[in-house]
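To start, the structure under review is shown below, and the notes come after it.
The values are calculated or read from the model by the stated rules, or taken from the named source; none is laboratory data. Predicted model only: the values in this text are computed from it and were never measured. Every residue, glycine as well, gets a Cβ built from its backbone with ideal geometry; the counts of neighbours run over all protein chains shown. Protein only, heavy atoms only, side chains kept; ligands, DNA and RNA dropped before computing areas. Shrake-Rupley method; radii C 1.70, N 1.55, O 1.52, S 1.80 Å.
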Amino acid sequence: MAKVKLTVTESRCRDDSCQTGDVFFVEGLCPPLCHELWNSIYPQVFALLNGASLDHGDTKARCFDGACPDQGRVKIHGELTED
């Protein structure tokens, strides 16, 4: 079954809910992320779970990079994985 692997690549989280190196796997339900970060990356997660390829630089890929809307305090990389 396809999942989206979310990896925190940088964190200056105000409440320390995300740490650099944290990894979450998403199959459908929201992982334990703050609502602001989840709301900003959910469209890409949903698209990947439903077979989309996303713009990634000059190419299309089954991954994305996102950031917290609070001045980019948390940066995250999402990629489609198969189990």
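Based on protein heavy atoms only, the chain ends up with 60 Å² per residue of surface accessible to a 1.4 Å probe.
Counting only heavy atoms of the protein chains and using a 1.4 Å probe, L29 has close to 150 Å² of accessible surface. For region 28-41, 3J(HN,Hα) computed residue by residue from phi via the Karplus equation (6.51, -1.76, 1.60; θ = phi - 60°) reads x, 7, 5, x, x, 10, 5, 4, 5, 5, 4, 4, 7, 9 Hz, glycine and proline entered as x.
Residues in region 4-15 carry Karplus couplings, in order, of 10, 8, 10, 10, 6, 9, 7, 9, 10, 4, 4, 10 Hz; the curve used is 6.51 cos²θ - 1.76 cosθ + 1.60 with θ = phi - 60°, and Gly or Pro positions show x. Here the Gaussian network model covers the chain, with springs between Cα atoms less than 10 Å apart; of D65, D55, D15, D15 fluctuates the most.
For T20, the amide hydrogen comes within under 5 Å of the amide hydrogens of S11, counting only partners 5 or more places away or on other chains and with H modelled in the peptide plane. Each peptide in 75-81, 31-37 was scored by the mean count of other Cβ atoms within 10 Å over its residues; highest first, the order is 75-81, 31-37.
In the chain, helices alone account for a calculated mean residue ellipticity at 222 nm of -6000 deg cm²/dmol, with every DSSP H run of four or more residues adding -39,500 (n - 2.57). At an R0 of 35 angstrom, the distance between the Cβ atoms of L29 and T59 translates into a FRET efficiency of 0.70.
Once you keep just the Cα pairs under 8 angstrom separated by 6 or more residues, what percentage relative contact order results for the chain? Relative CO of the chain lands at 40 percent. In the chain, what percent of the accessible surface is made up of carbon and sulfur (1.4 Å probe, ligands and nucleic acids excluded)? Carbon-and-sulfur percentage of accessible area, whole number: 50.
Taken about its Cα centre, the chain carries a charge dipole of about 60 debye when Lys and Arg each add +1 at the Cβ and Asp and Glu each add -1 at the Cβ.
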